[in-house]
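Participant: Okay, here's the structure, questions in a sec.
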Amino acid sequence: MSKRRRAPVVPRTQLPPSSAYAGRVIGIAARPGDLVGIAQPLVTLLQSDELWIVATFDRGALERIRAGQRASVHAAGAMFTARIDSIAPADGQALLEFVESAVEPGAVLRPGAPAAVIVDTRGPLVGKPLSGLT
């Protein structure tokens with residue numbers, strides 16, 4: 001007769017949280033011991049594949065920037081290749097999408113961290129804009 005081993009019983013209050021998505025916690029809305037309601041968010045999770053850069057440019061520079069241009073993003077001691085996805089002239093901002101990166105941007109970049117963006121305004125356009133703001 002073989003002996004069966006019983007797994008230890010762990011109270012639900014001591015189980016680690018889990019998610020169906022890979023990503024990074026960027027906000028915590030509840031702490032251990034807090035009372036929470038049904039469907040109340042506990043954390044804000046940034047999915048790894050949803051990392052974008054919103055860059056602000058002065059008006060003169062923004063006039064030379066077009067959707068599809070290549071750019072380099074310098075942050076956290078690393079350089080990442082990106083592409084201008086769309087431009088919001090009224091806000092002076094451009095939305096950049098990461099492309100062809102040897103290092104996963106989500107592994108080293110933090111939301112709100114400073115970054116330098118250099119746009120290649122002379123090079124060819126790459127791909128098509130996704131969101132059509134431009």
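Participant: Pick from the stretch 42-59 the residues that are modelled with pLDDT of 85 or more and farther than 17 Å from Gly112 by Cβ: which of them is surrounded by the fewest Cβ atoms within 10 Å (Cβ to Cβ)?
Facilitator: That would be Asp58.
Participant: What's the total number of residues in the stretch 67-78 that are surrounded by fewer than 21 Cβ atoms within 10 Å (Cβ to Cβ), out of contact with any Gly (no Cβ under 7 Å at 6 or more places or on another chain) and modelled with pLDDT of 90 or more?
Facilitator: Residues flagged as surrounded by fewer than 21 Cβ atoms within 10 Å (Cβ to Cβ), out of contact with any Gly (no Cβ under 7 Å at 6 or more places or on another chain) and modelled with pLDDT of 90 or more within the stretch 67-78 amount to 2.
Participant: For the stretch 22-43, how many residues meet the condition of being in contact (Cβ under 8 Å) with a residue 60 or more places away in the chain and more than 13 Å from Pro111 (Cβ to Cβ)?
Facilitator: 0
Participant: To continue, here is another question. Restricting attention to the stretch 80-87, does a residue exist that is buried (at least 19 other Cβ atoms within 10 Å of the Cβ), assigned to a strand (DSSP E or B), of a type in the set (A, V, I, L, M, F, W, C) and touching a helix residue (DSSP H, G or I) at 6+ places or on another chain (Cβ under 6 Å)?
Facilitator: Yes.
The values are calculated or read from the model by the stated rules, or taken from the named source; none is laboratory data. Model, not experiment: these values are computed from the prediction. So basically every Cβ, Gly included, is an ideal-geometry build from the backbone, and we count neighbours across all protein chains shown.
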